[in-house]
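A.B. asks: Please read through the structure below; I'll follow up with questions.
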Amino acid sequence: MTPGWLLLVAGLGMLIGMVSAFRAKRVWLAATITSAVAALAAAAWVLKAGATWVGRTTLAIGGEPIHLQLDGLSAFFLALLALLGGAGSLYAMAYWTDQQHPVSATSGRAWWNVLLLNMGLVLIVANGLHFLIVWELFTVSAYFLITRERHRREVRAAGWLYLAASHAGTLCLFAFFACLAAHTGNWELGSMRERMELAPLFWLALAGFGLKAGLFPLHIWLPSAHANAPSHVSAILSGVAIKMGIYGLVRFSGWLPVPDLAGWVVAGLGVLSAVLGVAFALGQHDLKRLLAYHSVENIGIILIGLGFAMMAAANGHAAWGQLALAGGLLHVWNHGLFKALLFLGAGSVLHATGTREMSRLGGLWRSMPWTAGLFTLGAVAISGLPPLNGFVSEWLVFLGLFDALSARGATAGAAIPAAVLLGVTGALALACFVKVCGVVFLGLPRSKVAEQAHECGWPMRIPMIVLGTACVAIGLAPVLFWPAIVTASAAWQPFWSETAAPAPLLTLGAFHLVVAALAALAAFALWRRARHNGIRRTGTWDCGYAAPTPRMQYTAGSFAGIITGWFRWILRPERHARIPNEPFPAHAKFEEHTPETVLEHVIEPAGSLVMRVSTAVRRLQHGRLQAYILYLLIGLAALALVALMGGGK
Amino acid sequence: MTTAFDILLRLLLWLLLAPLVPGIINKVKAWVAGRRGPPVLQLYYDLAKLWRKGVVLSTAVSPGHIAGTAVAWMALVLAALLLPAGPAGAPLAFRGDALLFVYLLALARFCTALAALDTGSAFEGMGAAREVSYAVLGEAAIITALIALSLQTGSVSLTTMLAPAAGAGAALLAAGLFAVLLAENCRVPFDDPNTHLELTMIHEVMVLDHSGPPLAAVLHGASLKLLMFSVLLVQAVLPAGELSPLTAACALAGSVLAVAVGVGLVESLLARLAFRRVPLLLTTAFLLCLFAALVSWRGGHL
């Protein structure tokens, strides 16, 4: 079957799913998963063959004939969408059940299909007008999925913030596509690199797609939206939806000429997002909010790769540019996989305990061994540690940066801080995920709910296992996925025709295999030796303190305290403490909360300023006729004055 | 077959020589203090004893506690495979192995810190928090040192990067890397390996609940890491890759000995820093490496 038929099957499956979502949830699941498999097959076909599939009909929507195109780049993102969409659908069956959510589960399934269908269409339409339509549908359907629990106040607030921010971005995109159409004379999209007058449009695209991608400081909507959505929705939003912004940036920086500064700005924003994203993540004590901030960090890593690729393309350095781009693109997949895995893991913790507050959890490995193990796997991957996939993509970006160094010149000057800060980001992410895994899954339960937690069922476990396997596969055999990256980057920059995998990638894969095998062997050997010598169990050593309680364990806040102290200048944590100081101290408490600084210290003051000015202006409008006549007279007098002074020119 | 034999032989050499370094450091400290001190081979005796001993495990720990310790040790051993030894080079060398080396050390840190949090002890949580926080600055310094070496040699493989002498920025690089060595291996002035006060420790407090063979793996891993950092520091400065094998071996052995003596002297003459001063010293190490990088940048141009 050709990609065209497969895509048709996928589209039909989504529509059937949409209709059957209300009555027959098994039909919905079957249709949605079939459609995901068909889309995955279409994407794999294009990525393997390296050919572009084009579909044109005379059927017109909005006066424009339908023009679909699945090239390497679209297929690369479509593959991720299909895998995560399928996994999320299965997870949703057990996570957001009709019994627990009688109203929101059924309509949620329908909106889920609208979201997946429109994200797929965003990837394959090649017409500006249709792009805007499906983009808007995708944005709005995500709003309805985020606000599944709209009886809760913070969910409504998160939804509104998302809607407002998304539409600010869509506004930029309207301007972008309208200017593009005005310059080219039609809405058709395609490669037009030679038309240099289009270059300044890139800034509009950067603002519009950047808002969707959630790069710093345009990320204000992201943490609350991703934290308050149901977990399978958070997974698809973090894994795929924000990648639509990346897709837009990669797509239009490949099709259109870009300004000279573009690469620098993108890389700079990438570094900023990476470091500050993880710094904000460290300050969080809400599990899902923390994961959401890590999306900002990983978008930053992707943008570092893209930014340096753009610099390389501008200067004609094919070799390291391709490495940086390959790293960035592979990180799109990797982040999608491990972030979805982590969100699904966080979802099953939330499902089992009913809380996202990390300081109320602890010791969950006893009751939830599968979730704990898979979440830790995702944590190793997201911290960029060998032998998993996160390291492979970060390593490719690093190689690009180090090769840029030997090219000297201005780009090398940019590569030094970028490489150092990428390393710092990795170390900060490691600190953050040691904190998460340690506080949530290890130690002793800090509350009743954590004690009474239960493992999730197989429908929730299987999607996590699938995603974890994908993380391991890319980590251990990165060479297998190299052709897909090459096809995608050839769609971005046709002149970079390097198709052979860089030799070290093969060695790295082999080394990762050795690491995995020997680590397992060492663990087994040490365990056996310990068993052989005899194991005695006793309480944890606490300096001889007689009555330790689980609440005395180190908390998430204290664990991150050193690092959040370094970033105090931007995190602006709010502290409420009552220090005991009487001879017989009675009450003491300490609270720390890291707000969304950009939102609370930049956007909200600006908003309230606008409100104040508007209120002041509104005083003119009060319904007194005499005053209105006075305004008219003043206006007429002013006009007469202008006419007299202007002298009839 | 010969390569496999070669790899095994070198691995054995790394594993066997590693416990010597802490022995030398302790001997130097004893001499400075006018004591006789423990024998140089003390750590070997300790390891052999611990390997035979039973294990006392906390009731709170998961099966990941022992696994984490083992993975951390294995990550350090595999990192040793990537380090070159003079003109013989590394058993495994490819473009980008320098970054793999840094990230294998990070993997070891991840596993050690998680094994510490596994016990649920507040002290061990404190130690793990300090370890991963200060490592952020240490990582910045190491990456910058790699940038300095890469600027000079145009390579991202440790074997080529470490072969020539460090050039004009050698003193800066050596000072920066020495500070990182002290921090990463938890020596004075960052941490005191001999302290018995849990509140003030970093690395030692993370392993309070380890015993028997797992403790042996921790101690051996720590000594291996110390040896690796000494070898890295020495080769970053000396043109070890360009000497004849015999001279290189002697120079390498002599310099590692000198580093160990240096660590011992620092430990005898300095007091441990207050914790709030630690970031300052690590930032200084980072800046030293950064200046070394700038020197190699200019060196390439002039």
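All of the numbers you see were taken from the coordinates with simple rules; none came from a lab. Keep in mind that what you see is a predicted model, and the values were worked out from it rather than measured. As a convention, Cβ positions derive from the backbone with ideal geometry for all residues, glycine included, and neighbour counts pool all protein chains shown.
A.B. asks: When Cβ neighbours within 10 Å are restricted to other protein chains, what is their mean count per residue of peptide B:50-57?
C.D. replies: 5
A.B. asks: Which net charge results when you count Lys and Arg as +1 and Asp and Glu as -1 among the other residues whose beta-carbon is under 10 Å from that of B:V278?
C.D. replies: Result for the neighbourhood of B:V278: +3.
A.B. asks: For region B:106-146, what log10 I(q)/I(0) values come out of the Debye formula at q = 0.15, 0.30 1/Å, with one point per alpha carbon and no solvent?
C.D. replies: Each listed q maps to, in turn, -0.38, -0.96.
A.B. asks: Further question: Above 20 angstrom, tally the Cα pairs of region B:165-277 and express them as a % of all pairs, no decimals.
C.D. replies: 49 percent
A.B. asks: Could you give the length gained by full extension between A:A640 and A:L15, i.e. 0.36 nm per residue of separation minus their alpha carbon distance, to one decimal place?
C.D. replies: So the chain would gain 218.7 nm between A:A640 and A:L15.
A.B. asks: Then there is this: So what's the projected area for region A:498-649, the Cα convex hull averaged over all directions, in nm²?
C.D. replies: Details: hull surface 118.7 nm².
For the Cα atoms of region A:498-649, the hull's average projected area reads 29.7 nm².
A.B. asks: Using Cα pairs under 8 angstrom and six or more residues apart, how large is the relative contact order of chain A, in percent? Walk me through the intermediate numbers first.
C.D. replies: Details: 1027 pairs, mean separation 80.3, N = 649.
Computed value for chain A: 12 percent relative contact order.
A.B. asks: Can you tell me the order of A:69-82, B:77-90, A:546-559 when each peptide is scored by its average per-residue count of other Cβ atoms within 10 angstrom, highest first?
C.D. replies: Top of the packing list down: A:69-82, B:77-90, A:546-559.
A.B. asks: If you don't mind, there's one more thing I want to ask. At 0.36 nm per residue, and after removing the present C-alpha to C-alpha distance, how many nm does the segment from A:T58 to A:D98 gain when stretched out fully?
C.D. replies: On the way: separation 40, 0.36 × 40 = 14.40 nm, distance 4.20 nm.
Value of the extension gain: 10.2 nm.
A.B. asks: Counting Lys +1, Arg +1, Asp -1, Glu -1, what net charge surrounds A:A313 among other residues with beta carbon under 12 Å of its beta carbon? All intermediate terms of the calculation are to be shown ahead of the outcome.
C.D. replies: Working: positive: A:R193; negative: A:D260.
Value of the local net charge: 0.
A.B. asks: Just rank B:I147, A:I634, fewest to most, by other beta-carbon atoms within 10 angstrom.
C.D. replies: Ranking B:I147, A:I634 by Cβ neighbours within 10 Å, fewest first, gives A:I634, B:I147.
A.B. asks: Considering Cα pairs under 8 angstrom that are at least six residues apart, work out the relative contact order of region B:63-301 and quote it in whole percent.
C.D. replies: Averaging sequence separation for qualifying contacts and normalising by length gives 32 percent for region B:63-301.
A.B. asks: Using a cut-off of 11 Å between beta-carbons, work out the net charge of the residues near A:A279 (Lys and Arg +1, Asp and Glu -1, A:A279 not included).
C.D. replies: Summing Lys/Arg as +1 and Asp/Glu as -1 gives 0.
A.B. asks: Okay, next question. Tell me, what ³J(HN,Hα) does each residue in region A:629-645 have, in order and in whole Hz, if you take phi through Karplus 6.51 cos²θ - 1.76 cosθ + 1.60 with θ = phi - 60° and put x for Gly and Pro?
C.D. replies: Running phi through 6.51 cos²θ - 1.76 cosθ + 1.60 with θ = phi - 60° gives 5, 4, 4, 4, 5, 4, x, 5, 4, 5, 4, 4, 4, 4, 5, 5, 5 Hz.
A.B. asks: Report the Cα centroid-to-centroid distance between region A:275-294 and region A:541-609 in angstrom, as an integer.
C.D. replies: Using only Cα atoms, the two centres lie 15 Å from each other.
A.B. asks: Sort A:7-13, B:265-271 by the packing proxy (mean of other Cβ within 10 Å over each peptide's residues), most packed first.
C.D. replies: Packing order, densest peptide first, comes out as A:7-13, B:265-271.
A.B. asks: Follow-up question, since we're still on this one. Give me A:F584, A:F177 ranked fewest to most by other Cβ atoms within 10 Å of their Cβ, as a rough exposure proxy.
C.D. replies: Fewest to most other Cβ atoms nearby, the residues stand as A:F584, A:F177.
A.B. asks: Something else now. In peptide A:446-453, what is the residue-averaged number of other protein chain Cβ atoms found within 10 Å of each Cβ? Before the final figure, lay out the partial values.
C.D. replies: Numbers: counts 1, 0, 0, 0, 0, 0, 0, 0.
Counting Cβ atoms of other protein chains within 10 Å of each residue's Cβ and averaging gives 0.
A.B. asks: Further, regarding this structure: Between A:M192 and B:F275, what FRET efficiency comes out of the Förster formula 1/(1 + (r/R0)^6) with R0 = 56 Å and r the beta carbon distance, rounded to 0.05?
C.D. replies: Approximately 0.45, to the nearest 0.05.
A.B. asks: Looking only at other chains, what is the average number of their beta-carbon atoms within 10 angstrom of each beta-carbon in A:393-401?
C.D. replies: Working: counts 0, 2, 5, 1, 0, 9, 4, 0, 5.
That works out to 3 on average.
A.B. asks: State the volume of the convex hull built on the alpha-carbon positions of region B:1-147, expressed per residue in Å³ and rounded to an integer.
C.D. replies: Working: hull volume 26.6 nm³, N = 147.
With only Cα atoms used, region B:1-147 gives 181 Å³ per residue.
A.B. asks: Now for a different question. Quote the relative contact order of region A:262-328 in percent (integer), defining contacts as alpha-carbon pairs under 8 Å separated by 6+ residues.
C.D. replies: Once normalised by length, the contact order is 38 percent.
A.B. asks: Taking 1 over the mean of 1/r across every pair of different Cα atoms in chain B, what Kirkwood radius in Å do you get?
C.D. replies: This gives a value of 19.7 Å.
A.B. asks: Helix-only mean residue ellipticity at 222 nm, the protein assembly as shown, DSSP H runs n ≥ 4 weighted -39,500 (n - 2.57), per residue, nearest 500. What is it?
C.D. replies: Values: 36 runs with 663 residues, N = 951.
My calculation for the protein assembly as shown gives -23500 deg cm²/dmol from helical runs alone.
A.B. asks: While we're looking at this one, here's another question. Any chance you could list the semi-axes, whole Å, largest first, of the equivalent ellipsoid that the Cα gyration tensor gives for region A:470-577, using √(5λ)?
C.D. replies: 45, 31, 9
A.B. asks: Let's test the formula: R0 of 60 Å, r as the Cβ-Cβ distance of A:I66 and B:T3. What FRET efficiency results, to the nearest 0.05?
C.D. replies: Calculated transfer efficiency: 0.55.
A.B. asks: How would A:L29, A:L401 line up from fewest to most surrounding beta-carbon atoms within 10 angstrom?
C.D. replies: Lowest to highest Cβ neighbour count: A:L29, A:L401.
A.B. asks: A further question follows. What does DSSP give for the protein assembly as shown in terms of the percent of beta bridges that are antiparallel, rounded to the nearest 5?
C.D. replies: 80 percent
A.B. asks: Using the per-residue mean of other Cβ atoms lying within 10 Å as a proxy for protection, in what order, highest first, do the peptides A:322-328, A:458-464 fall?
C.D. replies: Output ranking for A:322-328, A:458-464: A:322-328, A:458-464.
A.B. asks: Using every alpha carbon pair in the protein assembly as shown, what percent of pairs falls into each 20 Å bin from 0 up to the bin containing the largest distance?
C.D. replies: Result returned by the calculation: 14, 44, 31, 9, 2, 0.
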